[in-house]
Amino acid sequence: MKTLNFLVIGKNQEILDTLKRIIENNVGWKAEIKSDETVCYDYIKENQVDIVLLSSGLEEKFENDIKVFCENLDKNVKVIDHYGGGSGLLKNEVYALFPNLQP
């Protein structure tokens, strides 16, 4: 099974911790969490990131900027706007981007 590496960005630490737990509850899914937007660009450039997951509390300008940044990379990084809805919704969002991973 392909390993999926997530970068989860948001401002609410409790939500970030929950998302990390939910993501890593799936075989082959790994998550790094960040609440400081300024370090995210370098993290994406320097690490294997398949999905940037945008959580709550982020400024609209940052969300737009990080999407453009990911689109312009040669790394095929996908971005998901995720503002809740539970683990089922998160899985559906991921499988929509990577349909070949559906069980």
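The values are calculated or read from the model by the stated rules, or taken from the named source; none is laboratory data. None of the values given here were measured: they were computed from a predicted structure. Here the Cβ is made from the backbone with ideal geometry for all residues, glycine too, and neighbour counts use every protein chain on show. Protein only, heavy atoms only, side chains kept; ligands, DNA and RNA dropped before computing areas. Shrake-Rupley method; radii C 1.70, N 1.55, O 1.52, S 1.80 Å.
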Note to self: Quick check for you: with a 1.4 Å probe and neighbouring chains kept, what is the accessible area per residue of the chain, in Å²?
What the structure shows: 57 Å²
Notebook entry, point to check: Ignoring ligands, DNA and RNA, what percent of the accessible area of the chain is carbon or sulfur (1.4 Å)?
Noted result: 46 percent
Item checked: Potential extension, Y41-Q13 segment - 0.36 nm per residue separation minus Cα distance -> 8.1 nm
Check: Restricting attention to the stretch 38-94, which GluC sites (Glu not before Pro) occupy a DSSP loop and are surrounded by at most 12 other Cβ atoms within 10 Å?
Finding: E59
Notebook entry, point to check: Convex hull over the Cα atoms of the chain, averaged projected area in nm²?
Noted result: 6.1 nm²
Checklist line | Computed E for R21/Y95 - FRET, C-beta separation, R0 22 angstrom, nearest 0.05 | finding: 0.70
Item checked: Normalised contact order of the chain, rounded percent, pairs of Cα under 8 Å and 6 or more residues apart -> 28 percent
Note to self: To make sure I understand the rule: partners must be aspartates and glutamates, Cα under 12 Å from the Cα of K20, and not fewer than 8 residues away in the same chain. Which ones qualify?
What the structure shows: E32
